[in-house]
Amino acid sequence: MSLLAFFGWLGETSWSVALHESQYAYSILESIHVWTLALFFGSIVMFDLRLLGWIMRDVPVGEVVSRLLPWTIAGFIVMVITGSLLFYAIPLRSYQSIFFRTKMLLLLLAGLNVWMFHTRVYPQVATWGGIPPKRARIAGGVSLALWTCIVFLGRMIAYNWFDCDRQPQSDLINFLTSCIPMESEF
Amino acid sequence: MDLLPTFEWFYATPVGETIRNSVWLFPVIEAFHLIGLGVIGGAVLLVNLRLLGVGLTRQPVAQLSTEAQPWLLGALALMFASGFPLFLSEATKAYYSYAFWVKMTCLFSVLVFTFTIHRRVTQGGLAEDNPQLAKLVGLISLVLWFGVAWGGRWIGFS
């Protein structure tokens, strides 16, 4: 089964339909997703600013990690749970959304950045001073840029400008959204 | 005092009309508003978690508060710069939305609170001397900020 067919099927399961059509559940999930942004994205921004050496230079980076990272992780867990449920409520449209697809790609890159930072850069943290070494600053800057774009794209998923059922779209858009428009839609 | 005529005047401003007539202006300004929300969240949590006795507990409250201040002010500026045009574009809707009034009440309260009591407690060393007071002040601040976020999100649903 193709992903397209799978998400089409998923969207017709009774729980997905119930979530999509519910009066409050979807709005509440979406609200929790947005509010948790303040914890998750907010703590990431503060940490990235510390990596860049722009704030809290007197506080060792290791201490910022040990005291703030648990909050970031808690926020991440809530973001993933609410985000997955939001996707589950509208799977096919989300899967074909150009904003959703770009967001997932950038999430992957952000994850890669976290992994590279923690395996290759962070082990030398004990030697860092007020302004961390260049590698750490790059990781911080990349993280800041990626997460800002992810928030931006997340907001845009709500808009249907490039949706498959809104034809005509350019061939490029239809390619990027795996959309095969029907003849009758032109 | 009836504010409706004032809100109707805001609604009719060229900025409000331009945003209403554009497909992408509202979403893009709104996205910037969300990014501001995140930065405010970070700056506010940094200080208030410390007041609650978690987070960066080895640092003096006054120092954390001073460090967070420019980012709080910068993010607030971004919030006003993006929020006000959004308001202009739907001022009459905002007038009839209870979520909008909850948001504005909480926003006004939290701004006054932040620059009076909250500041005195964080900057004057009171937080270290009186952990119970610090916890109370941190909690009030977080609850009020959440009221702002709650109202903000709910304007869109009303």
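Please determine whether any residue of the range A:117-137 is more than 20 Å from B:Pro27 (Cα to Cα), of a type in the set (A, V, I, L, M) and crowded, with 18+ Cβ neighbours inside 10 Å. Within the range A:117-137, one or more residues are more than 20 Å from B:Pro27 (Cα to Cα), of a type in the set (A, V, I, L, M) and crowded, with 18+ Cβ neighbours inside 10 Å. All told, A:Val59 falls short of being outside any loop (DSSP other than H, G, I, E, B) and among the β-branched types (Val, Ile, Thr). Taking the criterion of being surrounded by fewer than 17 Cβ atoms within 10 Å (Cβ to Cβ) and either touching a strand residue (DSSP E or B) at 6+ places or on another chain (Cβ under 8 Å) or touching a residue at least 40 places away in the same chain (Cβ under 8 Å) (or both), the only residue of the range B:82-92 that qualifies is B:Thr92.
This table checks each residue for (1) in contact with a Leu (Cβ under 6 Å, 6 or more places away or on another chain); (2) among the β-branched types (Val, Ile, Thr).
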site: A:Leu3; (1), (2): no, no
site: A:Phe6; (1), (2): no, no
site: A:Gly11; (1), (2): yes, no
site: A:Ala18; (1), (2): no, no
site: A:Ser22; (1), (2): no, no
site: A:Ile28; (1), (2): no, yes
site: A:Trp35; (1), (2): no, no
site: A:Phe41; (1), (2): no, no
site: A:Met46; (1), (2): yes, no
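Considering only helices (runs of 4 or more DSSP H) fully contained in the range A:62-176, which possess at least 1 residues that are within 18 Å of A:Val34 (Cα to Cα)?
Numbers: elements: A:91-96, A:98-116, A:134-156, A:171-176.
The qualifying helices (runs of 4 or more DSSP H) are A:91-96, A:98-116, A:134-156.
Of all the listed residues (B:Val110, B:Val148, B:Val137, B:Val121), the sole one being within 10 Å of the chain's Cα centre (by Cα), farther than 18 Å from A:Ile32 by Cα and in a helix (DSSP H, G or I) is B:Val110. Annotation for the range A:66-85: no member residue is over 21 Å from B:Val61 (Cβ atoms) and within 9 Å of chain B (Cβ to nearest Cβ).
Filtering B:Thr13, B:Thr92, B:Thr18, B:Thr57 for residues that are more than 30 Å from A:Trp161 (Cα to Cα) and of a type outside the set (Phe, Trp, Tyr) leaves a single hit, B:Thr57. Scanning the range A:99-127 for residues that are within 14 Å of chain B (Cβ to nearest Cβ) and either β-branched (Val, Ile, Thr) or more than 29 Å from A:Leu4 (Cα to Cα) (or both) yields one hit, A:Thr102.
Step by step: first the residues of the range A:15-29, then only those that are more than 13 Å from A:Ser84 (Cβ to Cβ) and assigned to a helix (DSSP H, G or I), then the one that is farthest from the other protein chains (Cβ to nearest Cβ). Which residue is that? If you could, list the steps in order and put the result at the bottom.
Of the residues in the range A:15-29, the ones more than 13 Å from A:Ser84 (Cβ to Cβ) are A:17-18, A:20-28.
Still in the running and assigned to a helix (DSSP H, G or I): A:17-18, A:20-21, A:25-28.
Numbers: A:Val17: 20, A:Ala18: 19, A:His20: 16, A:Glu21: 15, A:Ala25: 13, A:Tyr26: 10, A:Ser27: 5, A:Ile28: 10 Å.
Checking each candidate, the answer is A:Val17.
The test for being away from chain B (no Cβ under 11 Å), surrounded by fewer than 19 Cβ atoms within 10 Å (Cβ to Cβ), farther than 23 Å from A:Ile32 by Cβ and hydrophobic (A, V, I, L, M, F, W, C) does not hold for A:Trp54. Residues in the range B:52-103 that are farther than 25 Å from A:Ala74 by Cα, among the β-branched types (Val, Ile, Thr) and within 14 Å of chain A (Cβ to nearest Cβ): 2 in all.
Read the figures in this text as sums done on the coordinates, not as results from a lab. It should be emphasised that the depicted structure is a prediction, and the values quoted were computed from it without experimental measurement. For neighbour counting, all protein chains shown are included, and Cβ atoms are generated from backbone atoms with ideal geometry for every residue, glycine included.
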